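Working notes, structure below.
The values are calculated or read from the model by the stated rules, or taken from the named source; none is laboratory data. Predicted, not measured: the structure shown is a model, and the values here were computed from it. Cβ placement follows ideal geometry from the backbone for every residue including glycine, while neighbour counts extend to all protein chains displayed. Please note that ligands, DNA and RNA were not included when accessible areas were found on the heavy atoms of the full protein model with its side chains. Shrake-Rupley method; radii C 1.70, N 1.55, O 1.52, S 1.80 Å.
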Amino acid sequence: MAMTGILRPGHVQLRVMDIDEAVNHYCNYMGLIETDRDDQGRVYLKCWDEHDKFSIVLEPSDSSGMNHMAFKVRTEQDLWRFESNVKNFGVETKRIPAGELNGCGERVSFVAPGGHRFDLFAEKEMVGNGLPTTNPPPWPEDVVGMKAIRFDHCLLYGNDHDESVRFFVEALEFELTEQVVDGDVQIAAFLSCSTKAHDIAFIRHDEPGRLHHASFLLGSWEQVLRAADIISMKDIPLDVGPTRHGLTRGMTIYYFDPSGNRNEVFAEDSYRYPDSPLLTWTADNSGQAIFYHSRTLVDSFMGVTS
Amino acid sequence: MPAHTITILDTNEQYSCNESQHLLAGMVQLGKKGIPVGCRGGGCGVCKVQITSGSYQSKKMSRARVTRDEEENDTVLACRVFPQSDIQLKVLGHLNKVVKAV
Ligand code: FES
Ligand SMILES: [Fe+2]
């Protein structure tokens, strides 16, 4: 069956405390492309292989963290269907008019049980990926830095973990792909709306609405090592890596943007189909589940969010 | 570049930090410990300290982690503070144990 309903993470709006430092980090170091600015001072960015106008919005603020994450749905009917699903679940929704973010259609917006705001939209202005659609070459020649291919997923820390996961499964039709469990208690949930290993993940926590990381896809393990070189060259605060995850199998490195929002770049993770089995990691093995080589939990990785 | 002596009163750990380096960078570079190290961007709040003596310059820090009042009373994020003299401080921040079960 072709993909229906929610297609993918469409964008994330991040709060940053210095817009110029943030633009420099995401564009010159990570290779994103600036596509617009608006009268609120927000800056719109996309990765090179995304066709929609933006996947990252940087919002000038006096704090860091995530304003909201948005998913793109396939059709306008999907938008209204999910709006009623969300309401039926008991979560309030509101509509945000088209154009509130430049080039984005009308959005359905709500705060999920973990305290994070999510928006859904069906339309966004298409600007293309810089390559022709007839006889395209494999990559554009003018991409710099880490050459991030696409915005891929977020990992979020929120309260009411079980309700959050139930909401994503029942109201938004995601599927649970991998989990970490301690007996009956689920500690981490990886959820997919596509054939990706995950489009969003949640970790059980006691504060609402925290961002653990926003993640970007790279082309290979070699590109992850090259990102590690850039992190040192440019004095970017490193968190963990390069290493491999047990969960999702991805090769990864974590670091922070200049406002303390954690980023990940990764490559070569697993995939799934609707009939793929749920994979489970046990809490006594969580070191290996998270960092497959060192098999050790890192305090800063586990305990730092924005 | 002038360097200053930073004293972590909780542990009596001392290290030297340049005026161009924030207090966490100076500590980490010398392999010292005492102040929790997180995002190093003023966003996560784990490096919160109370400066009890000394002068410094600071960069913008998240209002969600440090209130204006706190900042005026020298409760600051070590990763946003650049020493202008020797500094003594107490550690206030901590790394949350996120998953109590693990
Ligand atoms: S280390 Fe995150 S605020 Fe200083
Ligand atoms: Fe991730």
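Quick one: in the stretch B:3-27, of everything that is hydrophobic (A, V, I, L, M, F, W, C) and closer than 20 Å to A:Glu21 by Cβ, which residue is farthest from ligand 2 (Cβ to nearest atom)?
B:Leu23
Output the qualifying pairs, or none if there are none: Cβ atoms under 8 angstrom, residues six or more apart or on different chains, first residue in the stretch B:25-41 and under 13 Å from B:Gln14 (Cβ atoms), second residue assigned to a helix (DSSP H, G or I) and not small (Gly, Ala, Ser).
Close Cβ pairs satisfying both conditions: B:Lys33/B:Met27; B:Gly34/B:Met27; B:Ile35/B:Leu23; B:Ile35/B:Leu24; B:Ile35/B:Met27.
Mind listing just one residue for me: the one in the stretch A:60-78 that is within 10 Å of A:Asp119 (Cα to Cα) and of a type in the set (A, V, I, L, M, F, W, C) and, of those, farthest from the other protein chains (Cβ to nearest Cβ)?
So, considering only residues that are within 10 Å of A:Asp119 (Cα to Cα) and of a type in the set (A, V, I, L, M, F, W, C), the one farthest from the other protein chains (Cβ to nearest Cβ) is A:Phe71.
Looking at (1) closer than 21 Å to A:Met17 by Cβ; (2) without any contact (Cβ under 8 Å) to a residue 40 or more places away in the chain, which one does A:Arg95 not meet, given that it meets all the others?
Failed condition: (1).
Within the stretch A:250-260, can one find any residue that is buried (at least 21 other Cβ atoms within 10 Å of the Cβ), away from chain B (no Cβ under 14 Å) and either more than 15 Å from ligand 2 (Cβ to nearest atom) or in contact (Cβ under 8 Å) with a residue 60 or more places away in the chain (or both)?
No, there is no match, as no residue in the stretch A:250-260 is buried (at least 21 other Cβ atoms within 10 Å of the Cβ), away from chain B (no Cβ under 14 Å) and either more than 15 Å from ligand 2 (Cβ to nearest atom) or in contact (Cβ under 8 Å) with a residue 60 or more places away in the chain (or both).
If I filter the stretch B:60-79 down to residues being touching a residue at least 24 places away in the same chain (Cβ under 8 Å) and within 22 Å of A:Leu211 (Cβ to Cβ), which single residue comes out as nearest to ligand 2 (Cβ to nearest atom)?
B:Cys79
Considering each residue of the stretch A:34-47, count those that are open to solvent by 60 Å² or more (accessible area, probe 1.4 Å) and out of contact with any helix residue (DSSP H, G or I) (no Cβ under 7 Å at 6 or more places or on another chain), and give that number.
Residues that pass the stated criteria total 3.
Have a look at A:Val181, A:Val185, A:Val240 and point out the one that is over 21 Å from A:Leu32 (Cβ atoms) and within 16 Å of ligand 1 (Cβ to nearest atom).
A:Val240
If I filter the stretch A:66-78 for residues that are open to solvent by 50 Å² or more (accessible area, probe 1.4 Å), touching an Asp or Glu at 6+ places or on another chain (Cβ under 7 Å) and within 30 Å of A:Glu207 (Cα to Cα), do I get at least one hit?
no
Taking the criterion of being away from ligand 1 (no atom under 16 Å from the Cβ) and free of Cβ contacts under 8 Å to residues at least 24 places away in the same chain, would at least one residue in the stretch A:142-163 satisfy it?
yes
Criterion first (open to solvent by 10 Å² or more (accessible area, probe 1.4 Å), within 17 Å of A:Val16 (Cα to Cα) and under 21 Å from the mean Cα position of the chain (by Cα)) does A:Glu50 satisfy it?
no
Please go through the stretch A:190-204 and give me each residue that is open to solvent by 10 Å² or more (accessible area, probe 1.4 Å) and either hydroxyl-bearing (Ser, Thr, Tyr) or within 13 Å of chain B (Cβ to nearest Cβ) (or both), ordered by number.
A:Ser194, A:Thr195, A:Ile203, A:Arg204
When the stretch A:261-280 is examined, which residues are found to be polar (S, T, N, Q) and within 14 Å of chain B (Cβ to nearest Cβ)?
A:Asn261, A:Asn263
Suppose we keep only residues that are more than 14 Å from every other protein chain (Cβ to nearest Cβ) and of a type in the set (Ser, Thr, Tyr) within the stretch B:59-96. Which one would you say is surrounded by the most Cβ atoms within 10 Å (Cβ to Cβ)?
Residue satisfying both the conditions and the ranking: B:Thr75.
Given the criteria modelled with pLDDT under 95 and more than 10 Å from every other protein chain (Cβ to nearest Cβ), does B:Pro2 qualify?
Answer is yes for this residue.
Inspect all residues belonging to the stretch A:81-90 and state whether any of them is in a strand (DSSP E or B), surrounded by 21 or more Cβ atoms within 10 Å (Cβ to Cβ) and within 21 Å of the chain's Cα centre (by Cα).
For the stretch A:81-90, residues in a strand (DSSP E or B), surrounded by 21 or more Cβ atoms within 10 Å (Cβ to Cβ) and within 21 Å of the chain's Cα centre (by Cα): absent.
The rows are residues; the columns are (1) open to solvent by less than 80 Å² (accessible area, probe 1.4 Å); (2) in contact with a Gly (Cβ under 7 Å, 6 or more places away or on another chain); (3) among the polar types (S, T, N, Q).
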position: A:Val111; (1), (2), (3): no, no, no
position: A:His116; (1), (2), (3): yes, yes, no
position: A:Val143; (1), (2), (3): yes, yes, no
position: A:Asp152; (1), (2), (3): yes, no, no
position: A:Leu156; (1), (2), (3): yes, yes, no
position: A:Asn159; (1), (2), (3): yes, yes, yes
position: A:Ser164; (1), (2), (3): yes, yes, yes
position: A:Phe168; (1), (2), (3): yes, no, no
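Name the single residue that is most open to solvent (accessible area, probe 1.4 Å) among those in the stretch B:25-41 being under 10 Å from the mean Cα position of the chain (by Cα) and within 13 Å of chain A (Cβ to nearest Cβ).
B:Arg40
Residue-by-condition table, conditions (1) more than 13 Å from chain B (Cβ to nearest Cβ); (2) out of contact with any Leu (no Cβ under 8 Å at 6 or more places or on another chain); (3) open to solvent by less than 20 Å² (accessible area, probe 1.4 Å):
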residue: A:Glu173; (1), (2), (3): yes, yes, no
residue: A:Glu178; (1), (2), (3): yes, no, yes
residue: A:Asp184; (1), (2), (3): no, yes, no
residue: A:Ala188; (1), (2), (3): no, no, yes
residue: A:Asp206; (1), (2), (3): no, yes, no
residue: A:Ser220; (1), (2), (3): yes, yes, no
residue: A:Gly241; (1), (2), (3): yes, yes, no
residue: A:Gly246; (1), (2), (3): yes, yes, yes
